[in-house]
Amino acid sequence: MTSSTSAVGRIGIPAQPGGPPRFYYPLPKPALSHLPTDVAAQVQAWKESYDFFPEPTAAASHHSAGTVLAWVLGRFSTQRTSKAVLRGIGCMIEWALVIDDEVLDHPEAPSRRSEIIRLVNRITHVLESPGYRVTENDSPYVAAVHDVMEQLRAECTPTQVARVSTGLRCLLTSGVHKLHIDEPTEDEYLALRIHDVGSSVYAAWIGLCGPAPIPDEDWNAPAVQALIGCATLLVGVENDIASYHKEKAEGQTSPNYVGVLQAARGLSFDRAVTAATETRDRLMLLFLRLRERLSPRAEAPLRYLVERLGQFIIANTEASLCAPRYNPARSIALEDVTRTPAYWAPSPSTTDTSPLPCPSVSWWWDHC
């Protein structure tokens, strides 16, 4: 399969820059109110009960097992959040990372399309089937996600669980779409990336941690959906910039926004990184405006979502800088990332607040 990044790969991968990318985030970066290391340990034990999770590498010794996960869960939650809910979210995060790396984005994925489509079809059925009976013929990926969904069903409302399963369905189906899309345009890629990076599943997880379920009329409001989509795509573009070299070094052929910009606009690698960063920052500026519009009149459940989506963005940057998955040869303490200005851009790379020229997302600007 050819893709917008495969041609770049044939030319050669540019050298990794001397330091990690820096991203602009102007809101306060609050200290964590709690660090649920006990929950992260439970998730680690759950992982060890399945044989498809990769063995930790030497690089993982930079951080104790589960430290990055505990940090991210701390950003999502409060001390009052149910530990059973946090455990379910943590297990699902770990499961989704493995599905991404070992199935959907695996270098051999293009040659295993039929197998992957069958697996994704089964997983999506299990996500939406309370009472599903796992058999010995089921894949361990199916057994694991069934267990996670049962954990969440025991603790959350049906509507909350449905929002999680909808977000995961979007993630999985977009992963299949990537196997069949050839040379996507910018608009096609951004529409795909919203779902590929997690769609609304992160917002759904945050909602599980809040003071009460978010009412449908708030969740489905266009401005709220624009905020969720904006935050999700923002971290997707940021991840593309941070993980480009990891993906190419591992032989992944799936599209990456940096490669899409190179192919679509005829840009050099450096100019494509600059353009991708500008897109990320235009989304950041939109996020701030949507947040400012929604926060004043939001009731507690929605206000929690709006506030924690900002911390979700922070957590993504922190994890990108610290997780062994992205930094096999570099150790940065999580605490240092938050409190060290050198890790963050002092200003946005652009002041352009106009809509992105992409129909898939330009409607978001109508609601700020």
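The values are calculated or read from the model by the stated rules, or taken from the named source; none is laboratory data. The model shown is predicted, which means the values in this text are computed figures rather than measured ones. Glycine gets a Cβ as well: all are built from the backbone with ideal geometry, and neighbour counts include every protein chain shown. In case anyone asks, the SASA skips ligands and DNA or RNA and just uses the protein heavy atoms, side chains included. Shrake-Rupley method; radii C 1.70, N 1.55, O 1.52, S 1.80 Å.
Modelled spin-label separation between Arg80 and Arg113, with each label point placed 7 Å from Cα along the Cα-to-Cβ direction: 5.1 nm. Computed from phi, the 3J(HN,Hα) profile of the stretch 272-277 under the Karplus parametrisation 6.51, -1.76, 1.60 (θ = phi - 60°) reads 5, 5, 4, 5, 5, 5 Hz, with x in place of Gly and Pro. Accessible area of Thr173 (1.4 Å probe, protein heavy atoms only, ligands and nucleic acids ignored): about 50 Å². Whole-Hz Karplus values for the stretch 195-206 come out as 7, 4, 7, x, 6, 8, 5, 5, 4, 5, 4, 4 Hz, taken residue by residue from phi with 6.51 cos²θ - 1.76 cosθ + 1.60 and θ = phi - 60°; glycine and proline positions read x.
Neighbours of Gln160 by Cβ distance under 12 Å: Lys/Arg scored +1, Asp/Glu scored -1, total 0. Here log10 I(q)/I(0) by the Debye sum over Cα atoms at q = 0.07, 0.09, 0.14 Å⁻¹ was calculated from the structure, and among (i) -0.36, -0.60, -1.22; (ii) -0.28, -0.48, -1.31; (iii) -0.27, -0.45, -1.16 it sits at label (ii).
Using only the alpha carbons of the stretch 131-268, what is the convex hull's orientation-averaged projected area in square nanometres? Write down the numbers at each step before the final one.
Details: hull surface 42.3 nm².
In nm², the orientation-averaged hull projection of the stretch 131-268 is 10.6.
Taken about its Cα centre, the chain carries a charge dipole of about 620 debye when Lys and Arg each add +1 at the Cβ and Asp and Glu each add -1 at the Cβ.
With the charge dipole of the chain set up from +1 on Lys and Arg Cβ and -1 on Asp and Glu Cβ about the Cα centre, the Cα lying farthest toward the positive end among the listed residues Phe53, Ser320, Gly175 is that of Ser320.
Neighbours of Asp366, meaning other residues whose beta-carbon lies under 14 angstrom from its beta-carbon, give a summed charge of +2 when Lys and Arg score +1 and Asp and Glu score -1. Of the chymotrypsin sites (Phe, Trp or Tyr not before Pro) found in the stretch 66-106, no site is in coil according to DSSP while having at most 14 other Cβ atoms within 10 Å of its Cβ.
Could you list the square roots of 5 times each eigenvalue of the Cα gyration tensor of the stretch 110-160, that is, the equivalent ellipsoid semi-axes, sorted largest first and rounded to whole Å? Provide the component values of the computation, followed by the final result.
Values: eigenvalues 109, 29, 13 Å².
Equivalent-ellipsoid dimensions as semi-axes: 23, 12, 8 Å.
Summing +1 for each Lys or Arg and -1 for each Asp or Glu, what net charge is found among the other residues whose Cβ lies under 13 Å from the Cβ of Pro215?
Cβ neighbours under 13 Å give a net charge of -2.
In the chain, taking the dipole from charged Cβ atoms about the Cα centre, the farthest positive-side position among Thr185, Met92, Ala223 is held by Ala223. His180 exposes around 110 Å² of accessible area when a 1.4 Å probe is run over every protein chain in place.
Placing unit charges on the Cβ atoms only, positive for Lys and Arg and negative for Asp and Glu, gives the stretch 265-308 a dipole magnitude near 120 debye about its Cα centre.
Ile332 exposes around 10 Å² of accessible area when a 1.4 Å probe is run over every protein chain in place.
Amide H to amide H distances under 5 Å link Tyr24 with Ala345, where only residues 5 or more positions off or on other chains count and H is placed in the peptide plane. Assuming charge only on the beta carbon of Lys and Arg (+1) and of Asp and Glu (-1), the dipole of the stretch 141-182 about its Cα centre is about 140 debye to the nearest 20. The distance linking the stretch 346-368 with the stretch 180-195 is 18 Å (Cα centroid to Cα centroid, whole angstrom).
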